[in-house]
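I'd like to ask you about the structure that follows.
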Amino acid sequence: MKIPTVSPDVKLYNAATLDTLSVEAAHSARLRKNLNVHPVLADPIQRLFNAMEPGTYTRPHRHARNSGWELMLVMRGEFAVLFFDEEGLVVNRIPLSAPRGDGAVEIPAYAWHCVVSLAPGTLMFEIKPGPYSPVGDKDFAAWTPAEGDSCASAWVRWFETAQPGERPPGPPV
């Protein structure tokens with residue numbers, strides 16, 4: 001994806017760029033697509049747009065390090081962030097909606113969480129400490145199916161309506 005520039009050092013993320021990202025997400029097998037703003041994965045501050053369609057599965061996880069916080073801003077559409085205890089009980093649900101004018105949620109380090117897209121064309125902007133490490137970045141919840149597992153879609157449907165006090169579907173994985 002080509003990012004428009006207004007000068008050699010300035011990048012512009014305009015509506016056309018974000019529209020293209022949403023279209024790519026809608027046509028991807030994972031129903032999501034990110035666009036990194038940071039220049040390299042080793043950057044100390046990770047900044048990215050994340051386009052997500054309903055039905056995408058984001059496996060519950062935590063960033064198990066002191067600097068493992070994340071800030072998620074709603075740009076378009078709506079999503080919810082679910083927080084869990086160690087066994088998968090929902091302890092909080094924070095819905096964010098661009099049409100309602102919601103802003104952002106900061107997820108603390110070590111918090112079990114996932115994101116569920118609730119509207120087509122949902123787009124978030126995410127900021128978190130780097131550098132990115134695909135192996136060490138996330139600690140996935142053992143009580144959840146892996147991405148691509150045949151029962152992941154049932155979990156997505158549960159995430160869409162899950163409320164504090166509810167337990168995940170079926171026996172632990």
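Bear in mind these aren't lab numbers, they're just calculated from the coordinates by the rules spelled out. In this text, all values refer to a predicted model and were calculated from it rather than measured experimentally. Glycine gets a Cβ as well: all are built from the backbone with ideal geometry, and neighbour counts include every protein chain shown.
Scanning for something of a type outside the set (Lys, Arg), assigned to a loop (DSSP other than H, G, I, E, B) and either closer than 29 Å to Trp143 by Cβ or under 11 Å from the mean Cα position of the chain (by Cα) (or both), does the stretch 14-28 turn up at least one residue?
Yes.
Every residue in the stretch 76-102 that is among the charged types (D, E, K, R) and within 26 Å of Pro145 (Cα to Cα), please.
Glu78, Asp85, Glu86, Glu87, Arg93
A follow-up question, please. Which condition from (1) assigned to a loop (DSSP other than H, G, I, E, B); (2) more than 15 Å from the chain's Cα centre (by Cα); (3) of a type outside the set (Ser, Thr, Tyr) is the one that Gly68 breaks?
(2)
Could I ask something else about it? Within the stretch 1-59, count every residue that is closer than 14 Å to Gly121 by Cβ, in contact with a Leu (Cβ under 8 Å, 6 or more places away or on another chain) and not hydroxyl-bearing (Ser, Thr, Tyr).
Count: 11.
When you scan the stretch 150-162, do you find a residue that is surrounded by 18 or more Cβ atoms within 10 Å (Cβ to Cβ), farther than 19 Å from Glu53 by Cα and touching a residue at least 60 places away in the same chain (Cβ under 8 Å), even just one?
Looking through the stretch 150-162, none of the residues is surrounded by 18 or more Cβ atoms within 10 Å (Cβ to Cβ), farther than 19 Å from Glu53 by Cα and touching a residue at least 60 places away in the same chain (Cβ under 8 Å).
Taking Arg100 as the residue in question, decide whether it is touching a residue at least 24 places away in the same chain (Cβ under 8 Å) and surrounded by fewer than 19 Cβ atoms within 10 Å (Cβ to Cβ).
no
Can you tell me which condition Ala42 does not meet? The list is (1) small (Gly, Ala, Ser); (2) in contact with a strand residue (DSSP E or B) (Cβ under 9 Å, 6 or more places away or on another chain); (3) in a loop (DSSP other than H, G, I, E, B), and all the others hold.
Tallying (1) small (Gly, Ala, Ser); (2) in contact with a strand residue (DSSP E or B) (Cβ under 9 Å, 6 or more places away or on another chain); (3) in a loop (DSSP other than H, G, I, E, B), Ala42 fails exactly one: (2).
Taking Val116 as meeting all but one of (1) among the hydrophobic types (A, V, I, L, M, F, W, C); (2) touching a Phe, Trp or Tyr at 6+ places or on another chain (Cβ under 6 Å); (3) in a loop (DSSP other than H, G, I, E, B), write down the number of the exception.
Status for Val116: all satisfied but (3).
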